[in-house]
């Protein structure tokens, strides 16, 4: 499904100008607070009407200011999951789940109730009321309610923002399953780079109401430095991995990538599982010869593709090793001392402890 947005929308002194097209399965709208993420998702959902422009979902025109087209929210067949679950407190989980179904014509209903309940692991909750649910359980029910309405698209507005780390860890795998198994595209608002790196297939980065970058998650995240203010230390790369040894006896997992072998804190995944991990530029060191006698466990032979900076003390080095890319943030002094330049053969060094425990996530299934 293709999502095409080309709008201009003014809110007081703030102007949102967004133009992008994507067919990603989980498209993250990413940026700092006040960048226009929620305003943009509300325009897609029909909760606001742009002063100018078009929004087209899978060839269906939802908004066209020139043609005076504005499809109201209840006719868009779009599911919406808010930051707070917004469940009906007087209804059971089962009744909450079925509520949205009534607004979908019977001939257009495709979602199977039992399949959605199994996908989200909420079967034991069906007879409870929202007051007896944890935050993570409420959000899973909210996602289920949106899904059972048989939407063409699901919008999620920072669905994990109100949850503590334990609840976020609980719900992440269910969003991954929704991304990979439900077959419904998702537009996901977040200001968390960790969430975006784990979940997104594509990213639209917003800064002060403007699109700073858009495209596949790995490419956009690696160019995040100049694109998104206040994210100077968050440029990163996404590497594809395959599980080789889940536990090497030291609480580490051995994984294989196109560039070589990686050791990460133990990842709960079977042999052969396809995963991906985020490698932050600030965690990558460079050497011109293969290091010996060091504690770092990940040493990757690679080549410098590009060195960029703004004249300050730090630069961003892009490393190319075939189908994938790493990025390293180092000092300009180190570049000169090591005589680094595009084309130089180097070794990227990454300590295993720089990854969060379980620091690899399920990779999005192939499109």
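Read-outs: derived from the displayed coordinates by stated rules, not from any lab. From a predicted model like this one, the values you see are computed outputs, not experimental measurements. Note that we place each Cβ from the backbone using ideal geometry, even for glycine, and neighbour counts take in every protein chain shown.
Tabulated values for the structure
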| item | result |
| --- | --- |
| Three-way shape call for the stretch 237-362 based on the alpha-carbon gyration tensor, with the a/c threshold at 1.5 | prolate |
| Residue-averaged [θ]222 nm for the chain, counting only DSSP H segments that reach four residues, each worth -39500 (n - 2.57) | -6000 deg cm²/dmol |
| Gain upon complete extension [residue 108, residue 208; 0.36 nm per residue less C-alpha separation] | 32.1 nm |
| Sequence of 278, 303, 77, 140 once ranked by neighbouring C-beta atoms within 10 Å, starting from the fewest | 303, 77, 278, 140 |
| Tilt relative to the chain, helix 165-181 - C-alpha long axis, 0 to 90 degrees, to 10 | 80 |
| Distance from the stretch 37-58 to the stretch 294-367 (C-alpha centre basis), Å | 38 |
| Residue 323-residue 66 FRET efficiency (beta carbon distance; Förster radius 30 Å; 0.05 resolution) | 0.10 |
| Cβ crowding within 10 Å averaged over residues, with 25-37, 166-178, 9-21 ranked highest first | 25-37, 166-178, 9-21 |
| Gaussian network model of the chain, Cα within-10 Å springs - most flexible of 219, 128, 145 | 128 |
| Extended-chain gain in nm, criterion 0.36 nm per residue less alpha-carbon gap, residue 52 and residue 194 | 47.8 nm |
| Taking the stretch 3-233 and dividing mean pair separation by its residue count, relative contact order in percent (alpha carbons under 8 Å, at least six apart) | 29 |
| Shape of the chain, Cα gyration tensor, a/c cut at 1.5 | oblate |
| Candidates 275, 125, 97, ranked by Gaussian network fluctuation over the chain, Cα under 10 Å, top entry | 125 |
| Fully extended contour minus Cα-Cα distance, from residue 129 to residue 306, at 0.36 nm per residue | 58.1 nm |
| Max mean-square fluctuation residue, GNM over the chain, Cα-Cα springs under 10 Å, options 300, 69, 193 | 69 |
| Shape of the stretch 6-80, Cα gyration tensor, a/c cut at 1.5 | oblate |
| Computed E for residue 17/residue 244 - FRET, C-beta separation, R0 56 angstrom, nearest 0.05 | 0.75 |
| Share, in percent, of DSSP beta bridges within the stretch 3-233 that are antiparallel, nearest 5 | 60 |
